[in-house]
1. Mind checking which residues of the range 62-72 are more than 16 Å from the chain's Cα centre (by Cα) and not polar (S, T, N, Q)?
2. Output the residues belonging to the range 136-177 that are modelled with pLDDT of 95 or more and small (Gly, Ala, Ser).
3. List every residue pair whose Cβ atoms lie under 8 Å apart, where the two residues are 6 or more positions apart in sequence or sit on different chains, the first residue falls within the range 107-121 and is farther than 10 Å from VAL166 by Cβ and among the basic types (Lys, Arg), and the second residue, located anywhere, is crowded, with 16+ Cβ neighbours inside 10 Å and modelled with pLDDT under 95.
4. Search the range 6-51 for residues being charged (D, E, K, R) and within 18 Å of the chain's Cα centre (by Cα), and hand back the single one that is surrounded by the most Cβ atoms within 10 Å (Cβ to Cβ).
5. Sort out for me the helices (runs of 4 or more DSSP H) sitting completely within the range 10-76 that have 3 or more residues that are closer than 24 Å to GLN175 by Cα and at pLDDT 95 or above.
6. Taking the range 200-219, which residues are within 15 Å of ASN163 (Cα to Cα) and not in a loop (DSSP other than H, G, I, E, B)?
7. Can you give me the number of residues within the range 158-190 that are part of a loop (DSSP other than H, G, I, E, B) and not acidic (Asp, Glu)?
8. Can you find, within the range 81-109, the residue that is surrounded by the fewest Cβ atoms within 10 Å (Cβ to Cβ) among those that are touching a helix residue (DSSP H, G or I) at 6+ places or on another chain (Cβ under 6 Å) and under 23 Å from LEU194 (Cβ atoms)?
Amino acid sequence: MNVVITGANRGIGLALVKYYIAQGHSVFGVCRNSSDELRQSGCTVIAGVDLAQPDLLGDKLAQLKELKIDILINNAGVLGRESLDDWDPNTIDYQFRINALGPLLVTQTLRACLNESSKVCLITSRMGSMEDNGSGGYYGYRMSKAALNAMGVSLAHDLRPYNIAVGIFHPGFVQTEMVNGNGDISARTAAERLAARIDELSLDNSGQFRHSNGDKLPW
């Protein structure tokens, strides 16, 4: 299979790259800045892709245009920590560009590369859930992930006639640089769980919001 993963240079993205490489698949790691680990992983690195610059996406992803993509994993994301008393509209806007608009633009750009039975995956967060929000704060991250979830549901409807399923997955609280190494599970464990959810993904469960452990999450 051909697997394309954004945000592939570190954290969950890098762990997913390593997982699919170990399974014998052809992996294409998309990132803004590469890393030694990514270059040494055995994947094809597509660097210089900045989701905050939509006008350049077509050119930056051009080398994938002839590829038949079996799994597209939109993993790239950023986290801000705004509170009601300490916030910056520029950081909120940036999170929307990377977390919500970016995955949509990548999917639109690579849509012609998707086959019948391809799978599109969005790595989101339960922090985008309205019902699950018990603490407030994190305005840009919560809003951008809620927008990503809404986009994923629309995408599931629009791609269903083409037999393409869409997964909306929360990876768990993962020990990555984004959260300063805090977390309940390693990036490797998150990647293994996410891969299991991707294996299960079909038109029957397309557009559902799920935890990497398999639980269905509230909107």
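The values are calculated or read from the model by the stated rules, or taken from the named source; none is laboratory data. Source: prediction; values computed, not measured. Quick reminder, even Gly has a Cβ in these numbers, built from the backbone with ideal geometry, and neighbours come from all protein chains shown.
1. So in the range 62-72, the residues more than 16 Å from the chain's Cα centre (by Cα) come out as 62-68.
If the condition is that a residue be more than 16 Å from the chain's Cα centre (by Cα) and not polar (S, T, N, Q), then ALA62, LEU64, LYS65, GLU66, LEU67, LYS68 are the ones that fit.
2. Residues of the range 136-177 modelled with pLDDT of 95 or more: 136-171.
Listed by number, the residues that qualify are GLY136, GLY137, GLY140, SER144, ALA146, ALA147, ALA150, GLY152, SER154, ALA156, ALA165, GLY167.
3. Partner pairs satisfying both residue conditions: none exist.
4. Taking the range 6-51 and keeping what is charged (D, E, K, R), we get 10, 18, 32, 36-37, 39, 50.
From what's left, within 18 Å of the chain's Cα centre (by Cα): 10, 18, 32, 50.
Values: ARG10: 18, LYS18: 20, ARG32: 17, ASP50: 16.
Checked the range 6-51; the qualifying residue surrounded by the most Cβ atoms within 10 Å (Cβ to Cβ) is LYS18.
5. Details: elements: 11-22, 36-39, 57-60.
Output list reads 11-22, 36-39.
6. Taking the range 200-219 as the starting set, the residues that turn out to be within 15 Å of ASN163 (Cα to Cα) are 200-207.
Across the range 200-219, the qualifying residue is only GLU200.
7. Residues that pass the stated criteria total 12.
8. THR109
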